[in-house]
Structure formats: structure tokens, C-alpha cells
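*Asks:* The structure's right below; bear with me while I get my questions together.
The values are calculated or read from the model by the stated rules, or taken from the named source; none is laboratory data. Predicted, not measured: the structure shown is a model, and the values here were computed from it. All Cβ positions, even for glycine, are placed from backbone atoms using ideal geometry, and neighbour counts span all protein chains on display.
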Amino acid sequence: MKKTLTGIVKSDKMTGTAAVTVTSVKTHPLYLKKTKWTKSYLADNQVKAKAGDTVVMESVRPISKNKSWKIVSIKK
């Protein structure tokens, strides 16, 4: 089963690779305070997404040392 994440492209300056920032909201189990978490992923960019685009990416087998996600589509 492949996981999917939605994020915003932060950088597309690498050849065939984009840095995608994913934001999520997590709730503390005891205090129930909601906090915003951001994590950055390197993703294979075959759909030519540009910086600022909202994209959907899915997990794939490791492509390189740090890259194991692939951009599937660009959300408008």
C-alpha cells in the first residue's frame, strides 16, 4: 500500500528533484493542545512542478539516499 501526502514545493532547483514541505496538525495526548508540524521531503519531480505549487506525492522504493517519494500530480 502506497502512502500519499499533499504538500507545497519549496524548491525545484535540483535536476529531477523537488523539495516538498508537508504541514500537519498534531494533538497532544494529555493536554489536547494542537501544534503545527512541518517536514520536508525530497521527491522525484517528473511532472515538472515549480516552486509554490501544491502537489500530491506517493511513496516509492528508494530512488537515492534521501529520495523515496514521487510527485504524482499538481493540484490547482
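*Asks:* Can you tell me which residue is surrounded by the fewest Cβ atoms within 10 Å (Cβ to Cβ) among those in segment 1-44 that are hydrophobic (A, V, I, L, M, F, W, C) and not in a strand (DSSP E or B)?
*Replies:* Of segment 1-44, the ones hydrophobic (A, V, I, L, M, F, W, C) are 1, 5, 8-9, 14, 18-20, 22, 25, 30, 32, 37, 42-43.
Narrowing the set further to residues that are not in a strand (DSSP E or B) leaves 1, 30, 32.
Details: Met1: 4, Leu30: 6, Leu32: 7.
In this case the residue turns out to be Met1.
*Asks:* Within segment 25-49, track down each residue that is hydroxyl-bearing (Ser, Thr, Tyr) and more than 20 Å from Asn66 (Cβ to Cβ).
*Replies:* From segment 25-49, those hydroxyl-bearing (Ser, Thr, Tyr) are 27, 31, 35, 38, 40-41; that's our starting set.
The answer is Thr27, Tyr31, Thr35.
*Asks:* Looking at (1) out of contact with any Asp or Glu (no Cβ under 8 Å at 6 or more places or on another chain); (2) at pLDDT 95 or above, which one does Met1 not meet, given that it meets all the others?
*Replies:* (2)
*Asks:* Output the residue which, of all residues in segment 45-76 that are in a loop (DSSP other than H, G, I, E, B) and among the aliphatic types (A, V, I, L, M), is surrounded by the fewest Cβ atoms within 10 Å (Cβ to Cβ). Please lay out each step first, then the result.
*Replies:* Here is the first cut: in segment 45-76, the residues in a loop (DSSP other than H, G, I, E, B) are 45-53, 60-66, 76.
Still in the running and among the aliphatic types (A, V, I, L, M): 47, 49, 51, 60, 63.
On the way: Val47: 15, Ala49: 20, Ala51: 12, Val60: 14, Ile63: 15.
Once the filter is applied, the top-ranked residue is Ala51.
*Asks:* Now for a different question. Report every pair of residues separated by at least 6 positions or lying on different chains whose Cβ atoms are under 8 Å apart, first residue within segment 3-20 and of a type in the set (D, E, K, R), second part of a loop (DSSP other than H, G, I, E, B) and surrounded by 17 or more Cβ atoms within 10 Å (Cβ to Cβ).
*Replies:* Qualifying pairs under 8 Å: Asp12/Asn45; Asp12/Ala49.
Each row is one residue, and each column tells you yes or no for (1) among the polar types (S, T, N, Q); (2) touching a Gly at 6+ places or on another chain (Cβ under 7 Å); (3) modelled with pLDDT under 95.
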{"position": "Asp12", "(1), (2), (3)": "no, no, no"}
{"position": "Val22", "(1), (2), (3)": "no, yes, no"}
{"position": "Ser40", "(1), (2), (3)": "yes, no, no"}
{"position": "Ile63", "(1), (2), (3)": "no, no, no"}
{"position": "Ser73", "(1), (2), (3)": "yes, no, no"}
